[in-house]
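K.L.:
A single structure is presented below for examination.
The values are calculated or read from the model by the stated rules, or taken from the named source; none is laboratory data. None of the values given here were measured: they were computed from a predicted structure. Please note: Cβ atoms are built from the backbone with ideal geometry, for glycine as well, and neighbour counts cover all protein chains shown.
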Amino acid sequence: MTRLAGKNALVTGGARGIGRAIVEAFVREGAKVAVADLLADQAEETAAALGDAAMAVEMNVTDAASIASGVAAVEAKWGGIDILVNNAGVFDMAPIAEITPEMYRRQFDVNVGGTIFVTQKVVEGMKTRGKGGAIINFSSQAGRRGEPNIILYCSTKAAVISITQSMALEFAKDKIRVNAIAPGVIDTPMWDVVDGLFAKYDHLPKGEKKKQVGLAVPLGHMGSPDEIADPVVFLASDDARYVTAQTLNVDGGNWMS
């Protein structure tokens, strides 16, 4: 399996969950991968498990200097970045009466700003090298529809869909394709946090929301990180060479479009 042979990739939020599954899938497909994460120790552990095909990069996607330093480190070691996955993201929820400016800034800075500013820095090198590239952003089924008490998260993920379309049109002349993945409910450590918040605001026992959402999926269960990583490999590869400006739903049938 060498669909990404000779390619260098950077995956933000790559230390665990969906990000780690993407990193592992990319390495299996022949790529070298930079595991970029604010959790430096976990990034190091993930990279170490993959040997010479991976490197760890401490990166705060809300800090321009951190982004620039991380991207420069990858380019210095491997000569450039061919694939970028903007996976880093945060979730929070609250009724509108309880939303604070800090909650607003954190979710928009990471989910929206991180996508924009990491792309900005990586695309500089892609354009200079002149070999094109592939960028995969992360939206969510929450970006397809509003949900009560999740105003901020839903709006950030809707923004990612629009950002993906605009980036794709801007970079098309440089042969840089930009697409997005909109996952449904995926069984990752983040869902323990999500479940706890639903327990608080929907007055449910812990674990009940997670059970409910899994049973509500038309395919009958929550997704796994690997079930997201495989479509990301497709979008990063030449198999998707005529695909750009799209947001692919990977959600077991929750959203039909």
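K.L.:
MET103 - would you say it is part of a loop (DSSP other than H, G, I, E, B), in the same structural domain as ASP239 (by TED's automatic domain parsing), among the aliphatic types (A, V, I, L, M) and more than 16 Å from the chain's Cα centre (by Cα)?
P.N.:
On the way: part of a loop (DSSP other than H, G, I, E, B): no; in the same structural domain as ASP239 (by TED's automatic domain parsing): yes; among the aliphatic types (A, V, I, L, M): yes; more than 16 Å from the chain's Cα centre (by Cα): yes.
The answer is no for MET103.
K.L.:
I've got another one for you. Being within 20 Å of ASN87 (Cα to Cα) and free of Cβ contacts under 8 Å to residues at least 60 places away in the same chain is the filter here; which residues of the stretch 170-202 pass it?
P.N.:
The first filter runs over the stretch 170-202 and keeps only residues within 20 Å of ASN87 (Cα to Cα), leaving 171, 176-194.
Matches in the stretch 170-202: PHE171, ILE176, ASP187, TRP191, ASP192.
K.L.:
From the list ALA54, ALA88, ALA65, ALA76, pick out the single residue that is in contact with a Lys or Arg (Cβ under 9 Å, 6 or more places away or on another chain), in the same structural domain as SER155 (by TED's automatic domain parsing), modelled with pLDDT of 95 or more and small (Gly, Ala, Ser). Explain how you work it out, then say what you get.
P.N.:
Values: ALA88 fails: in contact with a Lys or Arg (Cβ under 9 Å, 6 or more places away or on another chain); ALA65 fails: in contact with a Lys or Arg (Cβ under 9 Å, 6 or more places away or on another chain); ALA76 fails: in contact with a Lys or Arg (Cβ under 9 Å, 6 or more places away or on another chain).
Criteria check complete, one pass: ALA54.
K.L.:
What do you reckon, is GLU170 assigned by TED's automatic domain parsing to the domain that holds ARG16 and either surrounded by fewer than 17 Cβ atoms within 10 Å (Cβ to Cβ) or not hydroxyl-bearing (Ser, Thr, Tyr) (or both)?
P.N.:
Numbers: assigned by TED's automatic domain parsing to the domain that holds ARG16: yes; either surrounded by fewer than 17 Cβ atoms within 10 Å (Cβ to Cβ) or not hydroxyl-bearing (Ser, Thr, Tyr) (or both): yes.
Considered against the rule, which asks whether it is assigned by TED's automatic domain parsing to the domain that holds ARG16 and either surrounded by fewer than 17 Cβ atoms within 10 Å (Cβ to Cβ) or not hydroxyl-bearing (Ser, Thr, Tyr) (or both), GLU170 comes out as yes.
K.L.:
Then there is this: Which condition number in (1) closer than 25 Å to VAL112 by Cα; (2) touching an Asp or Glu at 6+ places or on another chain (Cβ under 8 Å) is the one that ARG20 fails?
P.N.:
Every listed condition holds for ARG20 apart from (2).
K.L.:
Sticking with this structure for a sec: For the stretch 222-257, which residues satisfy the criterion of being assigned to a loop (DSSP other than H, G, I, E, B), among the β-branched types (Val, Ile, Thr) and crowded, with 16+ Cβ neighbours inside 10 Å?
P.N.:
Here is the first cut: in the stretch 222-257, the residues assigned to a loop (DSSP other than H, G, I, E, B) are 222, 224, 237, 241-246, 251-257.
From the residues that got through so far, the ones that are among the β-branched types (Val, Ile, Thr) too are 243-244.
Across the stretch 222-257, the qualifying residue is only THR244.
K.L.:
Do we have ALA49 as more than 14 Å from ALA36 (Cβ to Cβ) and surrounded by fewer than 17 Cβ atoms within 10 Å (Cβ to Cβ) here? Quick ask: steps written out before the conclusion?
P.N.:
Numbers: more than 14 Å from ALA36 (Cβ to Cβ): yes; surrounded by fewer than 17 Cβ atoms within 10 Å (Cβ to Cβ): yes.
Answer is yes for this residue.
K.L.:
Kindly list, by first and then second residue, each pair from a residue in the stretch 12-29 that is at positive phi to a residue that is in a helix (DSSP H, G or I) and buried (at least 24 other Cβ atoms within 10 Å of the Cβ), limited to pairs with Cβ atoms under 7 Å and residues at least 6 apart or on different chains.
P.N.:
Pairs found: GLY13/GLY19.
K.L.:
Does at least one position in the stretch 149-162 carry a residue that is closer than 19 Å to LEU235 by Cα and of a type in the set (Val, Ile, Thr)?
P.N.:
Yes; the residues of the stretch 149-162 include at least one that is closer than 19 Å to LEU235 by Cα and of a type in the set (Val, Ile, Thr).
K.L.:
Report yes if some residue within the stretch 230-249 is among the aliphatic types (A, V, I, L, M) and closer than 29 Å to ILE99 by Cβ; otherwise report no.
P.N.:
Within the stretch 230-249, none of the residues are among the aliphatic types (A, V, I, L, M) and closer than 29 Å to ILE99 by Cβ.
K.L.:
While we're looking at this one, here's another question. Looking at (1) of a type outside the set (D, E, K, R); (2) more than 20 Å from GLY19 (Cα to Cα); (3) in contact with a strand residue (DSSP E or B) (Cβ under 7 Å, 6 or more places away or on another chain), find the lone condition where VAL74 falls short.
P.N.:
Every listed condition holds for VAL74 apart from (2).
K.L.:
Among the residues of the stretch 200-221 satisfying the criterion of being surrounded by 12 or more Cβ atoms within 10 Å (Cβ to Cβ) and among the aliphatic types (A, V, I, L, M), which is farthest from ASP251 (Cα to Cα)?
P.N.:
LEU204
K.L.:
Would you mention how many residues in the stretch 204-215 are over 29 Å from VAL23 (Cα atoms) and aliphatic (A, V, I, L, M)?
P.N.:
Counting residues in the stretch 204-215 that are over 29 Å from VAL23 (Cα atoms) and aliphatic (A, V, I, L, M) gives 1.
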